[in-house]
Amino acid sequence: MTKPFFLFLFLSFLFASEAISQNLYLKVTGQSDRETSILDSITYKKIHLELNSIIQEVDSLQKQLYKIGYIENELKQLRKENDSTYFGIFDLKQNYKDIHIYYKEDFIKKSILEEISSEVYDDYFVLPFNEIETSLYSLNTKISDLGFPFSEITLQNISIKNTTTLKAFLVSKEIITKRSIDKIILKGYDKFPKAYLKHYLKLKRKQTFNLSEIKQKTEIFKELKFANQIKEPEVLFTKDSTILYIYVEKTKSNNFDGFLGFGSNETTNKIDFTGYLNLNLNNNLNSGESFQLIYKSDENEQKTFDVNLNLPYLFNSPLGAEVGLKIFKKDSSFTTVNQIAKLFYQINPQANIYLGVNSTKSNNLLKEENVISQIQDYNSNIYNLRFTYNKLQNNYLFNKNLFLAIEAGNGKRSYANNTENQTLLFIDAYKIFNLNKKNSAYLRINASSLLSKNYLENELFRFGGINSIRGFEENSLTASLYGLANTEYRYQLSNSLYIHSIIDFAYFENELTTQKEKLYGFGFGFGLLTKAGILKFNYANGKSENQKFKFSNSKIHLSLTAVF
């Protein structure tokens, strides 16, 4: 064969394929220019490969006209203009703007209808025609949430009321019975504390069945430390009962937190070591209880022993109790024993309000001839009100996103036959600002104030160290009033490692020594998730306002938080 013959075959095949795959075009018009303009404003497919596709598109267009109020529209003609063009001619007729839907009060309450319509009357409500479908769907959902999960409403006897309005009657397709929760079954964690169902999740028997609300309530399982939801709840409907299944698993919630700190002593020029232990036990008795033990030994020969027990939902009531004991010993100077008893009420899963009493007894250990007037035996009782708010986030390295604790107390302190009124104010708050997946900023504000006519050395606040202003010795600072801010810029290198800056600021006043001073702490640190837990390293240098910066004043802190 010659080249011209090959070229002839190729061109013949090309033009034949073009003829076979020729596009068809659809053009739609109305009975007037106005109707044509309305049709042009509706998006429809104009290019098609076959006639059947054109017929389907015309049918789809007609349904769109129904939804915007042209319920009487009619396709007058679908004609072929030439080999590739088809004309569809519509008669739109009357456009209905809204619909009056009549209802009975015993079927649906007026207050529910007011959530979907701005015009609700005693026997009917008004809907714009183009909102009928979405509004009725929303209405059916609301009826279902009232305990009628099988409800199915429809419009009947649709007719013309006037030139722009239709009317219809709202009815249910069948008679339905209101459902309530007859039984709640927990799967996966059979010993889950039942009081948490009633008071924490606020789910109980005989409660109106509302699936949307149930899903919303069980979402707050993520706020619990000791349990987690495995999957969404399920419901078993029988002829005369409704059984709710909740799938839960028990999670590890006990944690051990300890640190070792060391730095040079300005007096002896030797390295001093400090230690800290924080043990938290949660829900080991399957009642939602928590137990905390703190032991701290400072380089200033100070020792702290602190235990706290939290018992929620006493006797299956919404009230809980918290009791605590704190013992503080300052070398051979004095000891202070603090006893705490509180009742609390859970406002919601994140917020609690407390009311209690703080009883303190302090003893002067110094020999009589060496007694310093600022250290005295005393007793005090402070009645306090406390509010806490706690919000978690889905990040194992930083699982708490927001924390707030505010406390105010008032009472009396007695010593040496003197009795004085005292007021105690306290706030502790922190927030993590997530800039993106890797970058975040941490800000903490902590402040305390003791308002009294006179002050004793052994009743002042003690702060400084890894849990307050970093770069200073643990509990080395005393104050009648202090406020501090901790800041960190955090960069997450991976899911198990992050680095951060340390910039701390504090201001304190000591009424005994008439001291007012500003403090600063600067440094850096990192956190590493290991098999044993989260290992944290902090290097910080602290200085006062008028003090020069010295590397010898730097403090290094190591801590490990293990969950078990």
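When the strands (runs of 3 or more DSSP E) confined to region 510-564 are screened for residues that are modelled with pLDDT under 95, of a type in the set (Ser, Thr, Tyr) and farther than 20 Å from Phe463 by Cα, those reaching at least 1 such residues are found at 554-563.
Is it fair to say Arg490 is of a type in the set (Lys, Arg), in contact with a strand residue (DSSP E or B) (Cβ under 6 Å, 6 or more places away or on another chain) and not in a loop (DSSP other than H, G, I, E, B)?
Numbers: of a type in the set (Lys, Arg): yes; in contact with a strand residue (DSSP E or B) (Cβ under 6 Å, 6 or more places away or on another chain): yes; not in a loop (DSSP other than H, G, I, E, B): yes.
In short, yes.
Conditions tested, residue by residue: (1) in contact with a Phe, Trp or Tyr (Cβ under 9 Å, 6 or more places away or on another chain); (2) in contact (Cβ under 8 Å) with a residue 12 or more places away in the chain.
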residue: Lys191; (1), (2): no, yes
residue: Thr208; (1), (2): no, yes
residue: Ile214; (1), (2): no, yes
residue: Lys231; (1), (2): yes, yes
residue: Lys239; (1), (2): no, no
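Scanning region 51-96 for residues that are among the β-branched types (Val, Ile, Thr) and part of a loop (DSSP other than H, G, I, E, B), which turns out nearest to Lys161 (Cα to Cα)? Step by step, filter region 51-96, then rank; the result is Ile71. Of everything in region 508-558 that is aliphatic (A, V, I, L, M) and either under 16 Å from Asp257 (Cα atoms) or outside the structural domain of Leu450 (by TED's automatic domain parsing) (or both), the residue that is surrounded by the fewest Cβ atoms within 10 Å (Cβ to Cβ) is Ala532. Entry remark, region 307-333: residues being over 23 Å from Asn458 (Cα atoms) and touching a strand residue (DSSP E or B) at 6+ places or on another chain (Cβ under 7 Å) number 11 in total.
Whether any residue in region 159-180 is closer than 30 Å to Ala351 by Cβ and either touching a Cys at 6+ places or on another chain (Cβ under 7 Å) or at pLDDT below 90 (or both) is what I want to check. Reasoning before the result, please.
Step one: of region 159-180, the residues closer than 30 Å to Ala351 by Cβ are 180.
Right, trim to either touching a Cys at 6+ places or on another chain (Cβ under 7 Å) or at pLDDT below 90 (or both) and you get none.
So far as region 159-180 goes, no, none of its residues is closer than 30 Å to Ala351 by Cβ and either touching a Cys at 6+ places or on another chain (Cβ under 7 Å) or at pLDDT below 90 (or both).
Here His199 meets the list (1) closer than 21 Å to Lys250 by Cβ; (2) in contact with a strand residue (DSSP E or B) (Cβ under 7 Å, 6 or more places away or on another chain); (3) at pLDDT below 90 almost entirely, failing just condition (3). Taking the listed residues Ile116, Ile101, Ile143, the one that is more than 30 Å from Gln22 (Cβ to Cβ), in contact (Cβ under 8 Å) with a residue 60 or more places away in the chain and of a type in the set (A, V, I, L, M) is Ile101, with no other qualifying. Of all residues in region 391-425 being in a loop (DSSP other than H, G, I, E, B) and aromatic (Phe, Trp, Tyr), which is nearest to Gln374 (Cα to Cα)? The residue in question is Phe398.
Of the residues making up region 97-137, those that are assigned to a helix (DSSP H, G or I) and under 37 Å from the mean Cα position of the chain (by Cα) are Lys110, Ser111, Ile112, Leu113, Asn130, Glu131, Ile132, Glu133, Thr134, Ser135, Leu136, Tyr137.
Suppose we keep only residues that are outside any strand (DSSP E or B) and in contact with a Phe, Trp or Tyr (Cβ under 8 Å, 6 or more places away or on another chain) within region 39-50. Which one would you say is farthest from Glu131 (Cα to Cα)? Lay out the reasoning, then the answer.
Of the residues in region 39-50, the ones outside any strand (DSSP E or B) are 39-46, 49-50.
When the remaining residues are screened for being in contact with a Phe, Trp or Tyr (Cβ under 8 Å, 6 or more places away or on another chain), the result is 39, 46.
Details: Leu39: 20, Lys46: 27 Å.
Here the answer is Lys46.
The values are calculated or read from the model by the stated rules, or taken from the named source; none is laboratory data. If you're wondering where the values come from, they're calculated on a predicted model, not measured in any experiment. As a convention, Cβ positions derive from the backbone with ideal geometry for all residues, glycine included, and neighbour counts pool all protein chains shown.
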